[in-house]
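Readers should treat all values here as calculations from the given coordinates under stated rules, not as data from a laboratory. Bear in mind the structure is a predicted one, so any value in this text is a computation, not a measurement. Note that each Cβ is placed from the backbone with ideal geometry, even for glycine, and that neighbours are counted across all protein chains shown.
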């Protein structure tokens, strides 16, 4: 999807999913009394990015929705729900379960719109190796799990429990826990969350950012001179190595030429106003737009060095910049897939 607004952007047909996500984000934000700027500060996302999402002009990545769910303290499934009217009785026919899909994993909410959400029941389907991620989950109340099919491993505090079809487990949810499909086939569980704090909504917590990244099919770009190492200078590097990631594995890669300083040498450099910072002027932003256009289909950009202006421009273009101290592309990409790649913003200049 082209993330740059032009004369045709306002006429671009919006998909039903984009409209639902945008409307729900605006409703959740206003319900909590937050301005776009306030939500941007809480979530770490750019105001322009939030505005595009709310107006249905941008399709957010799962990682973006995860940041928003944490900032708004709502489950990630809230962004996909329609017709949010609180009910005393929730009847859910099997063929009408509200569904949120994260790659191959499906999460069906059986208690959608229940007044006060005193109990939160879900049917979760997931492929082998998928689960809640390595991050241990802690919340109030109790958690009940019933294995419908497949084989699920639950780690609660220091104990390991294996659930086969018909097995169940009930525990105090303040104990650190996580879970994973350890079988060779798709697994399905009934997950019931019973928080003691009525304000606590928990569905989104059971899918960590690292886990969601494994499930997500995405493209990322790496700044490089040779296709093997990460360049230390964003502006001067001649290439992007673009990698396609599907379910935690690199399935395709290609080299793309990148606009750089040599292409802009004939263009006069606009004077930077005091206090704006390096590369923060409008002229630099236009150059960064030219550099980003080549990777408009990418969700993240990994580099070894970058100016503050370029960093902020990438964020405005809905591309997550990550400044790393690693030099080997393969090592850095694997760290990104595992959710362990650190963004060293202290290296910005």
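Quick one: order 240, 146 by neighbouring beta-carbon count within 10 Å, fewest to most.
Starting with the residue having the fewest Cβ neighbours, the order is 146, 240.
When a footprinting reagent is the concern and you count Cβ atoms within 10 Å, what order do 57, 249 take, fewest first?
Fewest-to-most Cβ neighbours within 10 Å comes out as 249, 57.
Order of 137, 230 from fewest to most other C-beta atoms within 10 Å?
137, 230
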